[in-house]
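Asks: Quick one: the structure is below, and I'll ask about it shortly.
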Amino acid sequence: MVIAKAWVLKNHFDGFPKTSDFDLKKIELPNLKDGGEQKLLLESVFLSVDPYMRLCCGRMVKEGDIMIGTQVARIVESKNPAFAVGTFVVGDRGWRTHFVSDGKDLQLLPSSWPESLPRSLALGTVGMPGLTAYFGLLEVCKMKPGETVLVNAAAGAVGSVVGQLAKIGGCKVVGCAGSDDKVAYLKKIGFDEAFNYKTVKSLDEALRKASPDGYDCFFDNVGGEFASVAINQMKKYGRIAVCGAISQYNDSVPQKGPYMQIPMIFEELRMEGFIVTRWNNRREEGLQALLKWVVEGKVKYHEQVTEGFENMPAAFIGMLKGENLGKAIVKV
Ligand code: NDP
């Protein structure tokens, strides 16, 4: 019999999440059976902490439920011939160390995954955040060579891939992030311009200096005040991909304008929200493209790895505070 550890949501978040909002529970797992849903026993090896968990908890998680989230897990016992012991998969089973499955809800890593590549990348650059960058840029921004792309939260899991894919696509890239170390990283991985939005005197001036002609595409991860400044620097027929609004996720009271309609009218902008699962039918295409670029060294990655399952709440809160460079991961 296996006892799994799991983090449950003790209290719904009120403002910024606190470690006291979570509880660590032990759960006894059923033994495997030849039939039914208990064919595989898995152990989580890497778990992801993501901004959507803050956003979605209020809608999708009740107090006492296990926190939502994905993991790279290893098969430790198998009664399903399609999954050999030792196989690594991506699961969507929340913050838990072990779980059972019939295999239907598991995704294999791409078969061409090189041994030398960390499997945790299946939660980041070659996983959901990478796909978000890929489809957001290609399908929502519809970037074209020679255009200028702006991305915020640029040193994070999604943003760092956005900038690099835009460079591969022949664009000029401007990125903003919340520390000088992050800005140095952005320059190292090929951003044309980067600045620390927390220390510039005027965001408006910093954006204008980085691209005096304005922006064709704006990949917005942040929303709020940043977006309302940036929208005034869009070029005619510019496209804004509304990917996230992390500056608003912890607000108990919704922020007020300035509002977007006037610049949208004058510059005839297109602004579109999206969720990456819209392209689930093209997941394989996206993962193969991202994996190829990573293997070729055209897309660089960085991970902020927190050791220990007991530190999941701290890693989650740290990511929301901006302590991560690249993808925030927990190693069990
Ligand atoms: P990141 O790895 O970028 O981590 C979050 C980062 O957000 C922090 O490191 C911090 O960086 C920044 N941040 C936090 N608070 C603020 C704030 N008040 N103002 C500006 N920046 C802030 O996370 P992800 O790459 O996983 O996600 C980025 C965005 O994309 C999020 O908004 C997320 O919800 C969204 N997303 C949307 C998806 C979709 O399908 N639409 C899928 C995946 C993600 P810094 O130090 O620069 O402030």
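The values are calculated or read from the model by the stated rules, or taken from the named source; none is laboratory data. What you are looking at is a predicted structure, and each value in this text was computed from that prediction instead of being measured. Please note: Cβ atoms are built from the backbone with ideal geometry, for glycine as well, and neighbour counts cover all protein chains shown. Note: accessible area is taken over every heavy atom of the protein model, side chains too, but ligands, DNA and RNA are not part of it. Shrake-Rupley method; radii C 1.70, N 1.55, O 1.52, S 1.80 Å.
Asks: Would you confirm whether or not segment 106-125 contains a residue that is within 12 Å of the ligand (Cβ to nearest atom) and hydrophobic (A, V, I, L, M, F, W, C)? Don't jump to the end; show me each part of the working.
Replies: The first filter runs over segment 106-125 and keeps only residues within 12 Å of the ligand (Cβ to nearest atom), leaving 123-125.
From what's left, hydrophobic (A, V, I, L, M, F, W, C): 123.
Yes, because at least one residue in segment 106-125 is within 12 Å of the ligand (Cβ to nearest atom) and hydrophobic (A, V, I, L, M, F, W, C).
Asks: Among the residues of segment 231-261, write down those that are part of a strand (DSSP E or B) and either open to solvent by 90 Å² or more (accessible area, probe 1.4 Å) or within 16 Å of the ligand (Cβ to nearest atom) (or both). If you could, list the steps in order and put the result at the bottom.
Replies: Step one: of segment 231-261, the residues part of a strand (DSSP E or B) are 234-242.
Of everything in segment 231-261, those that are part of a strand (DSSP E or B) and either open to solvent by 90 Å² or more (accessible area, probe 1.4 Å) or within 16 Å of the ligand (Cβ to nearest atom) (or both) turn out to be K236, Y237, R239, I240, A241, V242.
Asks: Regarding C171, is this residue touching a Gly at 6+ places or on another chain (Cβ under 8 Å), surrounded by 19 or more Cβ atoms within 10 Å (Cβ to Cβ) and farther than 19 Å from G322 by Cβ? Spell out the reasoning first.
Replies: Working: touching a Gly at 6+ places or on another chain (Cβ under 8 Å): yes; surrounded by 19 or more Cβ atoms within 10 Å (Cβ to Cβ): yes; farther than 19 Å from G322 by Cβ: yes.
Answer is yes for this residue.
Asks: In the list L269, L290, which residue meets the criterion of being in contact with a Gly (Cβ under 7 Å, 6 or more places away or on another chain), outside the structural domain of F135 (by the TED database) and either surrounded by 15 or more Cβ atoms within 10 Å (Cβ to Cβ) or within 19 Å of R54 (Cα to Cα) (or both)?
Replies: L290
Asks: Quick check on segment 151-158. Is at least one of its residues touching a strand residue (DSSP E or B) at 6+ places or on another chain (Cβ under 7 Å), under 27 Å from M53 (Cβ atoms), part of a helix (DSSP H, G or I) and within 15 Å of the ligand (Cβ to nearest atom)?
Replies: yes
Asks: Output the residues belonging to segment 262-283 that are free of Cβ contacts under 8 Å to residues at least 24 places away in the same chain and either acidic (D, E) or away from the ligand (no atom under 12 Å from the Cβ) (or both). Talk me through it step by step, then tell me what you get.
Replies: Step one: of segment 262-283, the residues free of Cβ contacts under 8 Å to residues at least 24 places away in the same chain are 262, 265-266, 275, 277, 280-281.
Within segment 262-283, I262, I265, F266, N281 qualify.
Asks: Residue by residue through segment 65-85, note down the ones that are in a loop (DSSP other than H, G, I, E, B) and open to solvent by 30 Å² or more (accessible area, probe 1.4 Å).
Replies: Within segment 65-85, D65, I68, T70, K79, P81, A82, A84, V85 meet the criteria.
Asks: Would you mention how many residues in segment 120-146 are part of a loop (DSSP other than H, G, I, E, B) and surrounded by fewer than 21 Cβ atoms within 10 Å (Cβ to Cβ)?
Replies: Filtering segment 120-146 down to residues part of a loop (DSSP other than H, G, I, E, B) leaves 124-127, 142-146.
Narrowing further to those that are surrounded by fewer than 21 Cβ atoms within 10 Å (Cβ to Cβ): 142, 144-146.
Of the residues in that region, 4 qualify.
Asks: May I pose another question? Name the one entry in G69, G103 that is touching a helix residue (DSSP H, G or I) at 6+ places or on another chain (Cβ under 7 Å) and at positive phi. Steps first, please.
Replies: Details: G103 fails: touching a helix residue (DSSP H, G or I) at 6+ places or on another chain (Cβ under 7 Å).
It is G69.
Asks: Mind telling me which of the residues V49, V8, V89, V61 ends up being farther than 25 Å from V222 by Cα, of a type in the set (A, V, I, L, M, F, W, C) and under 20 Å from the mean Cα position of the chain (by Cα)? Give the derivation first.
Replies: Values: V49 fails: farther than 25 Å from V222 by Cα; V8 fails: under 20 Å from the mean Cα position of the chain (by Cα); V61 fails: farther than 25 Å from V222 by Cα.
Step by step, each of V49, V8, V89, V61 is checked, and only V89 is farther than 25 Å from V222 by Cα, of a type in the set (A, V, I, L, M, F, W, C) and under 20 Å from the mean Cα position of the chain (by Cα).
Asks: Could you tell me which numbered condition S112 fails, if it satisfies all but one of (1) modelled with pLDDT of 95 or more; (2) within 25 Å of A166 (Cβ to Cβ); (3) open to solvent by 20 Å² or more (accessible area, probe 1.4 Å)?
Replies: (1)
Asks: Continuing with this model, one more query. Just a yes or no: is a residue in segment 287-298 assigned to a loop (DSSP other than H, G, I, E, B) and either within 15 Å of the ligand (Cβ to nearest atom) or within 30 Å of D23 (Cβ to Cβ) (or both)? Full working, then the answer.
Replies: Of all residues in segment 287-298, those assigned to a loop (DSSP other than H, G, I, E, B) come to 296-298.
Then drop every residue that is not either within 15 Å of the ligand (Cβ to nearest atom) or within 30 Å of D23 (Cβ to Cβ) (or both), which leaves none.
No, there is no match, as no residue in segment 287-298 is assigned to a loop (DSSP other than H, G, I, E, B) and either within 15 Å of the ligand (Cβ to nearest atom) or within 30 Å of D23 (Cβ to Cβ) (or both).
Asks: If you go through segment 302-332 one residue at a time, how many are buried (at least 21 other Cβ atoms within 10 Å of the Cβ) and either of a type in the set (F, W, Y) or under 11 Å from A157 (Cα atoms) (or both)?
Replies: Selection size over segment 302-332: 7.
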